[in-house]
2 protein chains.
Amino acid sequence: MPRNHRTQDREEKRNLIIDAAQHLFLRAGYEATAMTRLASAAGIAPNTIYWYFKDKDDVLIAVLDRELSARMADYLKQSFDNMTARLLWVVNQLELVSPLVSTVHARAQLAPAIHGWHEQFHRLIEALLRVELEAAGIPAEHIEAVMNIWVFTIEGLLTHTMTASQKQQICQTLSLGIPQQASA
Amino acid sequence: MPRNHRTQDREEKRNLIIDAAQHLFLRAGYEATAMTRLASAAGIAPNTIYWYFKDKDDVLIAVLDRELSARMADYLKQSFDNMTARLLWVVNQLELVSPLVSTVHARAQLAPAIHGWHEQFHRLIEALLRVELEAAGIPAEHIEAVMNIWVFTIEGLLTHTMTASQKQQICQTLSLGIPQQASA
DNA sequence: ACCTGAACACCGTTCAAGT
DNA sequence: ACCTGAACACCGTTCAAGT
């Protein structure tokens with residue numbers, strides 16, 4: 001039982017650091033958040049962070065992983081009337097962490113750990129999306145391309161400021177399918 | 001004439017720094033390129049850069065502006081058979097500077113100057129795209145949303161590694177219009 | 001095992017001084 | 001006007017030392 005108690009404490013303290021990191025990363029930005037700033041927000045010495053995390057990128061991954069788990073749990077509980085509603089829900093959820101999207105893309109070029117997380121994240125999103133697109137009757141030979149367009153559009157909605165009505169319009173257009181070119 | 005000669009020299013030297021910066025930003029990345037490294041590549045003292053540029057972001061903007069002008073000049077010279085060909089050409093051109101796309105998105109959150117450049121860039125791309133979509137017969141009420149989807153897809157193609165056939169598929173699907181849902 | 005004060009190497013930028 | 005050597009404030013991370 002002492003073993004168990006110890007790891008429990010450790011997990012709790014680790015979570016406190018992740019709390020502080022998430023708050024600061026979202027308000028001030030990842031790069032703009034100094035490790036000393038994060039440490040003082042968590043009430044510890046700067047170097048203590050390195051007993052819980054490998055480096056700064058490892059803290060970011062912890063924030064991302066925890067948030068992803070929570071959002072995934074929420075997602076699986078929902079039921080949606082149509083694809084537009086489903087898409088809008090996902091975008092609105094992800095919007096809470098939208099500042100981190102660009103951060104992940106930028107750091108994935110330099111940090112292999114972030115690169116790996118980003119790839120795994122895409123595999124997850126694409127698997128979920130593929131199921132829905134198949135169910136919606138998209139022909140097999142188009143699934144791959146359509147799925148990519150959806151993913152890119154979700155990312156675009158997150159990385160660019162859009163009004164609610166713009167988001168609505170875009171999600172709807174994507175769900176209905178882009179009209180054929182000058183044929184009708 | 002001395003006046004002219006002087007500004008000519010200045011412009012030339014400034015361009016040499018931009019050359020070095022573009023090379024390093026694309027190979028090593030913006031953040032990973034130290035000002036000292038850039039200075040030594042350009043054969044000057046680190047602080048000399050600051051006589052030609054306000055700060056590091058200002059160097060980035062100079063690289064972006066120069067490359068954008070060159071690509072725009074190329075674009076206007078081209079003629080395309082269809083939208084797929086046009087889209088593929090643009091993506092392939094932009095791919096040469098694709099590492100900078102994520103950099104711009106990330107820094108736009110922190111640096112107002114980069115934010116401004118990014119917005120102006122989007123206005124330009126969207127104006128060009130709008131003309132083509134109108135000519136292709138997309139109904140007016142869908143133009144805005146379709147345009148955003150195209151822009152987001154272009155950005156997605158640049159920020160994620162894709163095979164040539166994936167790119168081809170995606171550009172084609174986007175040009176033909178996304179198939180209706182389970183109706184036919 | 002857990003935590004720290006002090007230090008390290010590095011960064012973008014500035015400043016006083018030169019021509 | 002143009003350029004520099006030296007310094008500044010700051011950064012992520014490490015290390016020796018404590019409990």
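For this structure, a couple of remarks:
- Dipole magnitude of the protein assembly as shown about its Cα centre (Cβ charges: Lys, Arg +1; Asp, Glu -1), debye to nearest 20: 1040 debye
- Under conditions of 25 °C and 0.890 mPa s, segment A:1-53 yields 211 µm² s⁻¹ as its translational diffusion coefficient, taking Rh as the Kirkwood radius over Cα pairs in the Stokes-Einstein equation.
- The angle between the Cα long axis of helix A:83-94 and the main principal axis of chain A comes to about 20°, on a 0 to 90 degree scale.
- Protein accessible surface hidden between B and A, which excludes ligands and nucleic acids, total in Å², probe 1.4 Å: 3800 Å²
- Reachable lysines from B:Lys54, criterion Cα separation under 16 angstrom, eight or more residues apart if same chain: B:Lys13
- Pairs exceeding a 29 Å alpha-carbon distance, out of B:Lys56/B:Lys167; A:Lys56/B:Lys56; A:Lys167/B:Lys56: B:Lys56/B:Lys167; A:Lys167/B:Lys56.
- Taking Cα atoms only, the orientation of helix A:2-27 departs from the longest principal axis of chain A by about 60 degrees.
- As a ratio to 2.2 N^0.38 Å, the alpha-carbon radius of gyration for segment B:31-77 is 1.39.
- Chain B: angle of helix B:99-108 to the longest principal axis, Cα-based, in degrees nearest 10: 80 degrees
- Solvent-accessible area per residue for chain B (1.4 angstrom probe, square angstrom): 52 Å²
- Solvent-accessible area lost in complex, 50 Å² minimum, residues of segment B:14-42 relative to chain alone, 1.4 Å: B:Glu31
- Accessible surface of chain A [probe 1.4 Å, protein heavy atoms]: carbon and sulfur percent: 55 percent
- Whole-number D in µm² s⁻¹ for chain B, Kirkwood Cα-pair radius fed into Stokes-Einstein, 20 °C, 1.002 mPa s: 115 µm²/s
- Largest accessible area first, the residues B:Lys13, B:Lys54 order themselves as B:Lys54, B:Lys13 under a 1.4 Å probe with ligands, DNA and RNA left out.
- Relative contact order computed over chain B (Cα-Cα under 8 Å; 6+ residues apart), in percent: 20 percent
- Those residues of segment A:137-152 for which accessible area with every protein chain present is at least 30 Å² below the isolated value (1.4 Å probe): A:Ile138, A:His142, A:Ala145, A:Val146, A:Asn148, A:Ile149, A:Phe152
- Put B:His142, B:His105 in order of accessible area, highest first, and with a 1.4 Å probe you get B:His142, B:His105.
- Simple point charges give the picture: +1 on the Cβ of Lys and Arg, -1 on the Cβ of Asp and Glu, and for segment B:55-183 a dipole about the Cα centre of about 260 debye.
The values are calculated or read from the model by the stated rules, or taken from the named source; none is laboratory data. Note that this is a predicted model, so its numbers are computed, not measured. A quick note on method: Cβ atoms are made from the backbone with ideal geometry, for glycine too, and the neighbour counts reach across all protein chains shown. These area figures cover heavy atoms from the full protein model, side chains too; ligands, DNA and RNA do not enter into them. Shrake-Rupley method; radii C 1.70, N 1.55, O 1.52, S 1.80 Å.
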